[in-house]
Every structure is written in structure tokens, then in C-alpha cells.
1. Sort 233, 258 so the one with the fewest other Cβ atoms within 10 Å of its own Cβ comes first.
2. In the structure shown, do any of 387/433; 340/433; 203/387; 337/387; 337/360; 41/258 have a Cα-Cα gap over 22 Å, and if so which?
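Bear in mind that the values in this text are calculations on the coordinates, not laboratory data. Nothing here was measured: the structure is a model prediction, and the numbers come from that model. Cβ atoms come from the backbone with ideal geometry, glycine included; neighbour counts cover every protein chain shown.
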Amino acid sequence: MESLNNLFEALVITLREGIEASLVIGIVMAYLARVHRPELKRPVWAAVAAAIAGSVAVAIAFQVFGIDPENEFREGVMFFAAGLMVGTMVIWMWRQGKHSRTDIEQKLGGIFSETSRGVLGTAAGLFVFVFFMILREGIEAVMFMLALGGDVTAGPAYNFIGGSLGIALAAGFGFLLFKGSLRINLRTFFSVTGVVLLILALKLLAGGIHEWTEAEILPASDTWMNIIGWIAKDSTSTFVLIALIGIPALFIFRETRKIKPGLDGVESLADRRKVVAEAGSAHTWGMSVAGLGLLIVLALGGTQAAIAASRHDPVPAPVEGQGGQAVVPVSDLEDGKIHKYTYTNYQGAVRFIVVKYEGKYMAAFDSCEICPAKGFVQDGDNTLICKNCNAPIDVATLPDGGGCNPIPLEVELDGDNVIIESGDLMDPEVMAKMRGHV
């Protein structure tokens, strides 16, 4: 299931950046069609390909120079940088959205002006303009992949599928803009989607705060980590993705309903038939795209619900205390799943996890050091997920502790039982964290 989360994250990244790039390409292509210069489409696509290659080179450079996103400090820096980049970009969009089409067409007009040096000069100017516009989006996407995915090589198959789907959806939006079937109000589009992108920026900044809290650079408190956890969890990513797809779909639906044959001034029967056919085609295409967007939104919501339902979160069972020890029968643990227990004495109650993993018995409190004691769920065989902030934890690292890892407990194997000393379980700090959560 963690791989599916990687897929969603990659889809969010490429869709978010792809929509911006598609707007640029769509406006450029529409301008070329308007000035009847189809031969200049080739340098546009060459610039797109070169910008993609440049973005990949940036990703390789990050790896070559040893930028390790798994390091909490560096990962936090990456989150903060990406979040600030999105935030400042949204502010720019809100300021410039009204003039986006005008600004781009004015720059293109300069490229096509008489001062341009022939066809080669025009093609070169067009190439440079599109290259830098798309390269900026590609570099931002690389930063997001590093920040959200942890590593550009993590879950390559799912990253590829999610990224490809995001690009395809964004390309479809750009195609609609290029074809002129829908009269998109760019100012309104930027204003509304800017709110969604600010949510994404907030999520990135929350991720940075979480990583720096794990690295003990920032202090932790239950109240603060409750807020950060809600923002950083994967359900927020899914909400952002649904909004990014749903809002354009609603725009498409609204604009498609307005399409009517413009028959004023059209006198010949043949021309009238052509206008009516074009309007009908645009209406059919627009409604199909709006319907597809709705289906994708429903599928994403259903998939997120299925992921949540598939996670293993057993009800804690009371455990017997014998001679100052908590005793867990080995027979409970043979399925390889985590099992939760509560241990109670005159000091209070605590909740803990015991699991048999790769032949080894391990135990930990059902709480980490930095988040509120909401506990963990098991996702598949190898991963625990923090219920507060959605941080993934490898089951094999259960004895390690630290950060968002469960707080480890020492265990002994005595015949058919796993033994945990009650003195270890009655840790005052953990009991204080769990008060109200057991």
C-alpha cells in the first residue's frame, strides 16, 4: 500500500506541474495557429524535450552530489524549499493570472517581430522561450519528487505509473486549451486552483517541520504534532489531487454548457452546417472530459478508502501480569502481524505492540517519541504507519527507536511466552503521553 501512496504522490507532482506547463504550451500553440506558422511547432516540441532532459539532469545531479532526502535535516530542507517555491509561485499566479495570456502573446509577438533574424532567429527565440518556461516547472517537479517521494528512485514502477498518469491528465487539459474548444477564464482558474496549491504548499511545510522535529531541531508537543500530522498525512495529498482534477473538470463542464453555434452572420447552408458540427463536436468532447474527470475523482476517493480499510489495526487485548512481568503467549504471534496489548497496574495503563518478524520477537510501545500516542497500523507485511502523521516505519527497525519509530521495549523468550518487564512498561514519560489514549 505504501507503493500506492508513492503513485499518488507522483501523480500529484506531475499533474500540478504539468498543468502549468500545459497552459504555456497550449497558449503558444494557439498563437502559432492564429498567425498561421505551423512550421514553428517543431522548435516548440524540441524545447519541451530539451527541458525534460534538463530536469532529469538536475535529478541526477542531486544524486551524484549526495543529497540524501532520507536524512531528516536534508529532507526537511527539501520540504521547506519546495513549499516556499509553491507558495511564492501561487502569489505570482494571483498577481499575473489576469495577464498570463496577454504577457505570453506579447513575448511571442516580440519573437515574431520584424527585428527577428529570419526563420532561424524566430525558431531559436521560440525554442529558448519555451525551454526556460518548461524547465522551471521540471526543476520544481524534481524538488517535489525528492521531497514527497523521499528519493527519485523510490518505488520506480509506481512513481512511473503515477507520474505518467499526471502528465497525461495535464496534457489533456493543454490539448483542450490549444484546440480552443473551451473558453477557459485563466484569471478565475488561477485564483481557484491557487487555493488548492496553497494547501499543497502547507503540506510541504508541515512535512519539513515534522522532519526537523524528528531530527530534534524543533521541539515537539502533542498539540503542535496533531496539527502537523493532519496536514502531512496521505489523505491530504489525495484531497489536493482530487481538487486539482475536479476543479478543471468543473470548469470544463461549465464552459461546455455555454457552447452554442455562432450562426450570426453565417449565410450559406454549408457554413452553417460546419459551425453546428464544430459546436456539437466541442460539446461532446468537453462533456467526455468532464465525465472522465469525475470518474477519476471517484476512483481516487474509493482507492484511498480501500487503502485505509486494508491496514491492520488490531484492538488491544488486556495482558496478564505475572510476578512483575507482562506475559504474551508465543502462539498469538505466529501470523506475522502486529498484536496490541494493554498492561495495567496501580500506576495506570499502557498500550504496546508485539510482533514476530523474520523469526525474531520484538516489542515496542504503541507510540513514538514526537507524536501524540495514537499508535500505529500495519500496512502489508513490512511497514508500520504512524496514525498521527502517516510516517512509514520498517518493521525491521522496531527495536531502533528514535523520531517517529515506536519506542522500543526489551523482550525475553521464556518457553512458550514472550516476557516484558513491568518496570519497562511503566515508563513515566510514556504513561503521561498515553493518558487519555488507552
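1. By the 10 Å Cβ count, ascending, the order reads 258, 233.
2. Going by Cα-Cα distance, 41/258 fall outside the 22 Å limit.
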